[in-house]
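The block underneath contains the structure these notes are about, expressed in structure tokens.
The values are calculated or read from the model by the stated rules, or taken from the named source; none is laboratory data. Please read these numbers as outputs of a predicted model, since none were measured by experiment. Heads up, the Cβs are rebuilt from the backbone with ideal geometry, glycines too, and the neighbour counts pull from every protein chain shown.
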Amino acid sequence: MKKNIILVLLLCMGFTLANAQEVYNSSGKPGYHKKTHKKKGYDPDKLILGGGLNAGFGGGYINVGIAPIIGYRITDHFSAGIGVGYQYNRTPEYVDPQDPNKVSYIHSNIVYPSVWTRYFLYHNIFADAVFEYDILSQRGPGYDQYGNLGTRTFHVNVPCTLLGIGLRQPLGGRVCFFGEIMYDILQEQNSPYFGQPIFRFGIAAGF
């Protein structure tokens with residue numbers, strides 16, 4: 001089964017300073033060398049926007065989702081942010097042994113707010129951590145206490161802590177493609193990541 005979380009991150013704001021200093025070149029003529037101080041506070045060039053999409057179909061199975069993120073590059077190597085995702089899953093469930101062609105489906109809806117951090121270890125190789133709070137709603141066939149077949153609804157909330165490593169591939173400008181493999185270290189029984197690795201791919205600007 002499946003589920004996911006939400007948290008908020010505050011970033012500071014400030015201003016930028018820059019000045020020019022007169023210097024002399026090798027010919028003895030005065031020139032100007034621009035001396036730029038490090039930007040303090042909020043810098044829009046360090047803003048990260050992105051996310052991922054996924055879709056899978058076949059044999060009655062449907063799996064579609066979207067997961068936008070926003071973040072901030074705190075240092076050249078370290079960034080952090082928040083995200084929220086939505087996943088819909090439809091899985092065929094054969095519940096009638098007398099009629100194998102009669103198919104019922106399990107429908108799952110997962111909303112998963114998250115907080116993430118990312119640190120570049122070497123060039124385009126990074127390690128990251130994501131805390132999700134999966135909110136799962138599932139509807140599908142089930143039997144009541146008297147053995148009658150009907151529809152059952154299941155709701156559960158599950159925390160997930162994902163650790164992983166990934167690779168960034170610049171696409172030009174500030175845009176890049178990234179892929180990563182992660183693992184949920186909490187391994188809650190109802191986690192959508194229970195007992196399996198997670199592969200994620202996406203596109204981001206400023207990452």
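A few comments on the model shown:
- If you check GLN169, GLN189 for being of a type in the set (S, T, N, Q), closer than 20 Å to ASN109 by Cα and modelled with pLDDT of 85 or more, only one passes: GLN189.
- Scanning the range 179-207 for residues that are farther than 18 Å from ILE48 by Cβ and surrounded by fewer than 20 Cβ atoms within 10 Å (Cβ to Cβ) yields a count of 14.
- Qualifying residue in the range 115-133 (condition: outside any strand (DSSP E or B) and more than 16 Å from the chain's Cα centre (by Cα)): yes
- Unique match (being of a type outside the set (Val, Ile, Thr) and at pLDDT 85 or above) among ARG152, ARG90: ARG90
Results for (1) in a strand (DSSP E or B); (2) free of Cβ contacts under 8 Å to residues at least 24 places away in the same chain; (3) over 13 Å from the mean Cα position of the chain (by Cα), shown as yes or no for each residue.
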position: ASN63; (1), (2), (3): yes, no, yes
position: PRO68; (1), (2), (3): yes, yes, no
position: ALA80; (1), (2), (3): yes, no, no
position: VAL84; (1), (2), (3): yes, no, no
position: LYS102; (1), (2), (3): no, yes, yes
position: SER108; (1), (2), (3): yes, no, yes
position: ARG139; (1), (2), (3): yes, no, yes
position: GLN145; (1), (2), (3): no, yes, yes
position: PHE154; (1), (2), (3): yes, no, yes
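- The residue that is surrounded by the fewest Cβ atoms within 10 Å (Cβ to Cβ), among those in the range 50-69 that are under 22 Å from CYS176 (Cβ atoms) and out of contact with any Pro (no Cβ under 9 Å at 6 or more places or on another chain), is ALA55.
Results for (1) under 30 Å from ALA204 (Cβ atoms); (2) crowded, with 16+ Cβ neighbours inside 10 Å; (3) among the aliphatic types (A, V, I, L, M); (4) free of Cβ contacts under 8 Å to residues at least 24 places away in the same chain, shown as yes or no for each residue.
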site: TYR122; (1), (2), (3), (4): yes, no, no, yes
site: GLU132; (1), (2), (3), (4): yes, yes, no, no
site: ILE135; (1), (2), (3), (4): yes, yes, yes, no
site: GLY142; (1), (2), (3), (4): no, yes, no, yes
site: GLY150; (1), (2), (3), (4): no, no, no, yes
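- Scanning the range 131-185 for residues that are of a type in the set (Lys, Arg) and either under 17 Å from PRO197 (Cα atoms) or out of contact with any Gly (no Cβ under 6 Å at 6 or more places or on another chain) (or both) yields a total of 2.
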